[in-house]
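Since the structure comes first, as C-alpha cells, the remarks are kept for the end.
The values are calculated or read from the model by the stated rules, or taken from the named source; none is laboratory data. Note that the structure is a prediction, hence the values are computed from the model and not measured. Because the Cβ atoms are built from the backbone with ideal geometry, glycine has one as well, and the counts that use them run over all protein chains shown. We work out accessible area using only protein heavy atoms, side chains counted, and drop any ligands, DNA or RNA first. Shrake-Rupley method; radii C 1.70, N 1.55, O 1.52, S 1.80 Å.
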Amino acid sequence: VKFVAVTSCPTGIAHSEMAAEALENAAREAGHEIEVEVQGAAGAPPIDTATINAADAAIFAVDAMVREKERFAHLPFVEVRTREAIDKAADIIARAEAAAQAGPADKPVRDTSPTTPPEKETGASRGEEIRRWLMTGVSYMIPFVVAGGILIAAAFAMGGAVEVTEVSIIQDGQIQFAGDVDAPFLTWLGAVFLTIGGQAFGMLVPILAGFIAYAMADRPGIAPGIVGGLIANEIGAGFLGGLIAGLLAGAIVNLLKKIPVKGTIKRMMPILVYPVIGTSPSVRSWSWSSATDRGGQQRPVRLDERPDGIEPDPARDRHRADDGLRHGRTRQQGRLRLRDRRAGRRQPADHGRGDGRGDDPAAGHGAGHRSAPSLYNESEKRAGEAAWVMGASFITEGAIPFAAADPLRVIPSLMAGSAVTGALSLSFNATLNAPHGGIFVVGLIGNAIPYLIAIAIGTVVTTLLVNVLKGLRSEDETAFKLFDVRRGGEVAAHA
Amino acid sequence: MSISIEDVTGPELVSTDLAATTAREAVDELAGLLEQVGRVTDRAAYVDVVMAREEETGGTGMESGIAIPHGKSPAVTKASVAFGRSITGVDFGAEDGTQADLIFLIAAPEGQDDLHVTLLSRLARKLIHEKFRTALREADSADAVFATIKQEVEL
C-alpha cells in the first residue's frame, strides 16, 4: 500500500519530526511505501503531485493545520494527533491500510483523537483567522511590490521622471528598441524599466486577492481571487478592492465546497465547478468595493493639494488613522497613490512636497525590529529586513505587514513619524522631481541633505513610538497570536 | 556552513541522575545546566515558557518513556538541548501514564535559526528508535551519553 502523510505541530521542531520518523518506520516494517511531508520549522519539501495521485491513503498526524490539505482531497485518510502517531505508529498504519481498502474519499475514515482537545491553533478565533488570510495575501504580494517599486524608482533615476513617461516602448504591438525612439538611450532604458516595473505593480492587487482567497479556500480560491483582483484594478478600487475581492472569492469557493456531492461529480468540483462558478460571482465585488474605496480616497487628495501643505493637525491625523484602519491603508499610501496619479498627469514639479513620508513607515519598522528584537516575532522580523529596503525606496507597502498585524499600535506611530518628516521637509524647502524612488533618486532632490535628515528623524520617531507602544504589549502574550498564527510558527511556545 | 552536535549540546548538558520528581523540577534542573554555560540567561522565565506549554498541551511525555519539553524564549541565547535521565521516572503526561525516564529539554531562541533547528529535529527523530533509547539508558556517564548522541545524530 502506498501512503502519503503530513505531520505538523505548532513549534515544528520535535513532535512533527518524531511523528514522521515513527510513521516511516512503521510503514516500512509493515511492508508499505510512505512519503511524509513535515510541515514544521525546518520543513521538508512538499510531496510531488504524482506521488499523491498514486497514493492509496493519506495520514495526517497533526496538532496544527494541514497546509494545502486540498491536495489530498481524493484520498481516504486517517487523521490523528502527533502523539498518537509517535506512540502507536503501527496502529495508525494499520488503520490507514483499512481506510485504503475501504475505498475512495467519499467515505473517509475520519479518526480524530477524542482524548486530547485541539491546541490553540485549530481553535483560532475569527479575527485571527481573517488576519491570517490577509497576511497570506500580503506575503505573496510583497515580491511584486518590491520588484515593481525598485524598478520604477530605478527608471526615474536613470531616465528622468518626466522623460521616461513620454517614451512608450510598446507601440502597435511592437517593442521599440533604443534606436526606434526619439530619446536618449538612458531615457529609453528607463522607459523599459518603467514598463516592467509597472507590470509588476499591476499584479499587486490581483496577487493579493488571489492569495487571500487561497488562504481561505486553498487552491480553488486562486483563480476567482485573481480575477476579482484584476477587476478591482480595472475599476481603480485599489488595495481595498483587492482585499474585498479576495475575501469574497474565498468565501464563495468555501460555500461551493459545502455542497454535498459524490463520485465523479466530486472529482469534477475542483477542476471545473470551483473555478467557473467561483470566478463569475467574484466579479460582483467590484461595484461595492469601488464605491467604498473612492469615498476613502477623497480626503488624502484634498489634504495633499493644500498649497502650504504643512499640517500636523491632530484632528486630521485622527481622521487619517481612522482611514487607515477602515481602508487598510495608511495615509502614506494615499499619498503614494496620489503621486502616481500625478505622474500620470505629468506634473513632476508638484511631487517634491514633504515626500520623505513614504520612507518612514517601512524603514521605521526595520529599525524597530533591530533595536528591540524581543518585541517582534519571527515573521515580523523577516518582514523587517525587507522593510528597510522598501522604506528606503519609498515603497510604503513594507509597513503593511506590521500595520495589519497590530494596527492600533503601528498606524499611529507611522503617522507620527510621517507627519514629522513631512513637516520638516517642507520647512527645509526640499523638493523632489520624481514621483517615486526614495534614496534611489537622491540626485533629483533639491536640498537633499536636510531632506535626508528629515527622513532620518521621522524614522526615529516612528521607531521609538512603535517600540514604546509594543513594549506595552509584551505583558500581553496574546497579542503575539494576532500575527499570522501559522507562519509565526512558534506561537504555542510563547504561551 | 555546517554545524555539529557540539553546537547544540555537550557532556556538561547531560545529567545521568536527575534529582527531580516532578516535571517542573526536572525542567528547572535541566534549565540550570543550560544557564551554567550561558545558553539560557533567565532560567525562571524560560522554565515558565516551557511549563506553560506542557500544561497547555497535556505534556510531552510519550509511551516510550521519553519527554521532550521545549520552548522558544528570548531568554535562550543559542539553540540547545539538555538531556536528563531519571531513575525513578517523572510524570510528563504520557497518554498511558508511563513515567518519563529520558528527558530532552529543547531550548530555542527567538528568531530564525534554521541550522540548529534542523539538528534538533534530527535528534528528535532518532528518539523514535528503540536501539537509541536503549543505548541512552545504558550509557554509564555523561560523556558516554553525549558520545551516544553524537554518534547517532552524525551518522
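Checking B:V81 against (1) under 16 Å from B:G10 (Cα atoms); (2) surrounded by fewer than 16 Cβ atoms within 10 Å (Cβ to Cβ); (3) modelled with pLDDT of 85 or more, which single condition isn't satisfied?
(2)
Residues that are modelled with pLDDT of 60 or more, acidic (D, E) and open to solvent by 40 Å² or more (accessible area, probe 1.4 Å): does the range A:95-113 have at least one?
Within the range A:95-113, one or more residues are modelled with pLDDT of 60 or more, acidic (D, E) and open to solvent by 40 Å² or more (accessible area, probe 1.4 Å).
Among the listed residues B:A31, B:A44, B:A23, identify the single one that is of a type in the set (A, V, I, L, M, F, W, C), modelled with pLDDT of 90 or more, out of contact with any Cys (no Cβ under 9 Å at 6 or more places or on another chain) and open to solvent by 20 Å² or more (accessible area, probe 1.4 Å).
Sole residue among the options that is of a type in the set (A, V, I, L, M, F, W, C), modelled with pLDDT of 90 or more, out of contact with any Cys (no Cβ under 9 Å at 6 or more places or on another chain) and open to solvent by 20 Å² or more (accessible area, probe 1.4 Å): B:A44.
Residue under question is A:I175, and the condition is that it be open to solvent by 30 Å² or more (accessible area, probe 1.4 Å), under 22 Å from the mean Cα position of the chain (by Cα) and of a type in the set (V, I, T); does it hold?
no
Of the residues that sit in the range A:57-79 and are of a type outside the set (F, W, Y) and touching a Phe, Trp or Tyr at 6+ places or on another chain (Cβ under 7 Å), which one is farthest from A:M18 (Cα to Cα)?
Per the stated criteria, the residue is A:A57.
Just one of the numbered conditions (1) within 22 Å of A:E24 (Cα to Cα); (2) among the hydroxyl-bearing types (S, T, Y); (3) touching a residue at least 24 places away in the same chain (Cβ under 8 Å) is not true of B:S141; which one?
Only one criterion in (1) within 22 Å of A:E24 (Cα to Cα); (2) among the hydroxyl-bearing types (S, T, Y); (3) touching a residue at least 24 places away in the same chain (Cβ under 8 Å) is unmet by B:S141, namely (1).
List the pairs whose first member sits in the range A:28-40 and is open to solvent by 60 Å² or more (accessible area, probe 1.4 Å), whose second member is of a type in the set (K, R), and whose Cβ atoms are under 9 Å apart, counting only residues at least 6 apart or on separate chains?
A:E33/A:K2; A:E35/A:K2
Look through B:G38, B:G71, B:G58 and report the one residue that is within 11 Å of chain A (Cβ to nearest Cβ) and open to solvent by 10 Å² or more (accessible area, probe 1.4 Å).
B:G58
Go through (1) β-branched (V, I, T); (2) open to solvent by 10 Å² or more (accessible area, probe 1.4 Å); (3) at pLDDT 75 or above; (4) within 27 Å of A:P143 (Cα to Cα) one by one and return the number of the condition A:V410 breaks.
(2)
Every residue, every condition in (1) open to solvent by less than 50 Å² (accessible area, probe 1.4 Å); (2) more than 19 Å from B:T77 (Cβ to Cβ); (3) at the interface with chain A (Cβ under 9 Å from one of its Cβ atoms), yes or no:
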position: B:Q99; (1), (2), (3): no, yes, no
position: B:L102; (1), (2), (3): yes, yes, no
position: B:A107; (1), (2), (3): yes, no, no
position: B:H116; (1), (2), (3): yes, no, no
position: B:R122; (1), (2), (3): no, yes, yes
position: B:R125; (1), (2), (3): yes, yes, yes
position: B:I128; (1), (2), (3): yes, yes, yes
position: B:R133; (1), (2), (3): yes, yes, no
position: B:R137; (1), (2), (3): no, yes, no
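Are there helices (runs of 4 or more DSSP H) fully within the range A:217-277 with at least 2 residues that are crowded, with 23+ Cβ neighbours inside 10 Å? List them.
Correct list: A:222-234, A:238-257.
Conditions: (1) surrounded by fewer than 23 Cβ atoms within 10 Å (Cβ to Cβ); (2) within 13 Å of another protein chain (Cβ to nearest Cβ); (3) closer than 21 Å to A:D63 by Cβ. B:D91 meets all but one. Number of the miss?
In the conditions (1) surrounded by fewer than 23 Cβ atoms within 10 Å (Cβ to Cβ); (2) within 13 Å of another protein chain (Cβ to nearest Cβ); (3) closer than 21 Å to A:D63 by Cβ, B:D91 misses (2) alone.
If you go through the range A:120-128 one residue at a time, do you hit one that is modelled with pLDDT of 80 or more, in contact with a helix residue (DSSP H, G or I) (Cβ under 8 Å, 6 or more places away or on another chain) and surrounded by fewer than 23 Cβ atoms within 10 Å (Cβ to Cβ)?
no
Please pick out the residue among B:E63, B:E54, B:E95 that is within 15 Å of A:A14 (Cα to Cα) and in contact (Cβ under 8 Å) with a residue 12 or more places away in the chain.
The match here is B:E54.
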